[in-house]
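Structure, as structure tokens:
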Amino acid sequence: MANSILASHPLSSLSSDSELSIEFELRDPFHMPLDRLESLIEDTEPGTELRGYLFGLLDLRRTVVYARGH
């Protein structure tokens with residue numbers, strides 16, 4: 001079951017030598033600067049599941065920043 005869930009994850013479509021794959025291998029997306037995450041989104045094809053996933057990460061990160069400020 002876990003294999004089928006992982007196979008349908010947006011990141012599973014990346015080749016291992018893609019910029020995004022390498023970036024996530026080197027940096028935790030939950031700790032990278034928000035502007036870097038935004039630039040990765042800009043470099044991702046609009047309308048794709050992968051871009052939606054990255055926007056979800058960005059929204060989650062902004063929520064955490066907002067919650068810590070209050």
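Against the list (1) modelled with pLDDT of 85 or more; (2) not in a loop (DSSP other than H, G, I, E, B), the condition Val64 fails is (1). Once the stretch 40-60 is narrowed to residues that are open to solvent by less than 30 Å² (accessible area, probe 1.4 Å) and in a helix (DSSP H, G or I), the residue that is nearest to Ser8 (Cα to Cα) is Leu50. Note on the stretch 13-39: residues that are within 25 Å of Val65 (Cβ to Cβ) and open to solvent by less than 80 Å² (accessible area, probe 1.4 Å) amount to 12.
The values are calculated or read from the model by the stated rules, or taken from the named source; none is laboratory data. The shown structure was predicted, so the numbers you read here are calculated from the model rather than taken from an experiment. We place every Cβ from the backbone using ideal geometry, glycine too, and count neighbours over all the protein chains shown. Accessible surface areas use protein heavy atoms only, side chains included; no ligands, DNA or RNA. Shrake-Rupley method; radii C 1.70, N 1.55, O 1.52, S 1.80 Å.
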